[in-house]
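What follows is a single structure, written as structure tokens, with notes after it.
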Amino acid sequence: MLDKAKQLSTDVLLLCLALFIAFLLRFEWQVPPENLSNLGVYIAIVLCVKLPTFWSLGLYRMRWAYVGFEDLLAVLKAVSLSSLVLGAGFYVL
């Protein structure tokens, strides 16, 4: 159980960091305050989409000491599916 909690907390931290870096890159290292105020909403949306997707596709059931090609494909599917859902959702918004 502790390993799953570590994986989940690491994913939360890395997803938040990735979104923050994406904001910095998008606005050339000077994020306008009105966009920075929306960062919390975007983080909540990203976490609500990506974490359940990762969980449902079995990323937290893997034993990372024995990762194989099938596990790599599962990671690729989970990241692709969650990114596709987020892209479509942000396009609609």
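The values are calculated or read from the model by the stated rules, or taken from the named source; none is laboratory data. As the structure is a computational prediction, the values presented were derived from the model and not from experiment. In this analysis, Cβ positions are derived from the backbone assuming ideal geometry, glycine residues included, and neighbour counts consider all displayed protein chains. Accessible surface areas use protein heavy atoms only, side chains included; no ligands, DNA or RNA. Shrake-Rupley method; radii C 1.70, N 1.55, O 1.52, S 1.80 Å.
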Return the carbon/sulfur percentage of the accessible area of the chain, one whole number, probe 1.4 Å, all protein chains in place.
70 percent
Trypsin sites (Lys or Arg not before Pro) restricted to region 40-93 and DSSP loop, no more than 14 other C-beta within 10 Å
Arg61, Arg63
Relative contact order computed over the chain (Cα-Cα under 8 Å; 6+ residues apart), in percent
30 percent
Quick calc, Phe90 & Trp29: beta-carbon distance into FRET formula, R0 22 Å, rounding 0.05, result 0.50
For every helix of n ≥ 4 consecutive DSSP H residues, a contribution of -39,500 (n - 2.57) applies; sum these over the chain, divide by its total residues, and give [θ] at 222 nm rounded to the nearest 500 deg cm²/dmol.
-26000 deg cm²/dmol
Run through the chain and list the chymotrypsin sites (Phe, Trp or Tyr not before Pro) located in a DSSP loop whose Cβ has at most 16 other Cβ atoms within 10 Å.
Phe27, Trp29, Tyr60
Over the chain, average the accessible area per residue using a 1.4 Å probe and give it in Å², no decimals.
73 Å²
Modelled label-to-label distance, Leu17 and Lys4, 7 Å Cα→beta-carbon offset: nm?
2.4 nm
